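The values are calculated or read from the model by the stated rules, or taken from the named source; none is laboratory data. No experiment lies behind these values; they were computed from the predicted model shown. Cβ placement follows ideal geometry from the backbone for every residue including glycine, while neighbour counts extend to all protein chains displayed.
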Amino acid sequence: MQISDSGYYWCAVEIGDYKTLDDGYYLYLKVQSAPGVSVVSSSVSGHEGGDISVQCLYSSEYQYEVRQWCRIKDQSCYTVGRTGTPQNSSVQISEDDGRRSFTVLMTGLSLTDSGWYFCSVGELQSPVQLTITKPQRAPTTILAATPSDFETDM
């Protein structure tokens, strides 16, 4: 894509008769030479009870914008540097000084934490899919014991 491709686009879906528009949506697409916000990994996996971290990066032109980690499902967000809002102890956000990035640490993960999240800087968003699985257990080894001399004497 080229920067000149920026602009409004129309996305439409036709399900039935080709003459009838079933649904449509306008969106504005902004093409930049470098992304305003991005993530190091857009797909992150973890185990139940464990933790994960996500690093969100942003360009210098957005350094004064609000930076957040949000869950799409319930639209809950955690904001970098927000002291007036109590932070959930299982979600911690730390600013990476001088690197135009912030790191999200989620601890004590549960299966219900799986889903789509996004890093946002101002109006820009970068999606992250989080997958939490049960930890695999090591196979159990059963040792067979032979009767001791004491047991055979009885």
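Residues considered: Ser4, Ser114, Ser38. Of these, the only one that is hydroxyl-bearing (Ser, Thr, Tyr) and under 30 Å from Lys134 (Cβ atoms) is Ser114. Scanning the stretch 24-54 for residues that are of a type outside the set (S, T, N, Q) and free of Cβ contacts under 8 Å to residues at least 60 places away in the same chain gives Gly24, Tyr25, Tyr26, Leu27, Tyr28, Leu29, Lys30, Val31, Ala34, Val40, Asp51.
Cβ separations smaller than 9 Å between residues 6+ apart or across chains give the following pairs from the stretch 60-71 residues that are more than 13 Å from Phe118 (Cβ to Cβ) to residues that are of a type in the set (D, E, K, R): Ser60/Arg100; Tyr62/Arg100; Gln63/Arg100; Glu65/Glu123; Val66/Arg82. Within the stretch 101-154, the residues that satisfy the criterion of being modelled with pLDDT under 90 and among the β-branched types (Val, Ile, Thr) are Thr140, Thr141, Ile142, Thr146, Thr152.
Of the residues that make up the stretch 102-114, is at least one within 30 Å of Asp5 (Cβ to Cβ) and free of Cβ contacts under 8 Å to residues at least 40 places away in the same chain? So that I can check it myself, show each step before the final result.
Step one: of the stretch 102-114, the residues within 30 Å of Asp5 (Cβ to Cβ) are 102.
With the extra rule that they be free of Cβ contacts under 8 Å to residues at least 40 places away in the same chain, the set shrinks to none.
Checking the stretch 102-114: not a single residue is within 30 Å of Asp5 (Cβ to Cβ) and free of Cβ contacts under 8 Å to residues at least 40 places away in the same chain.
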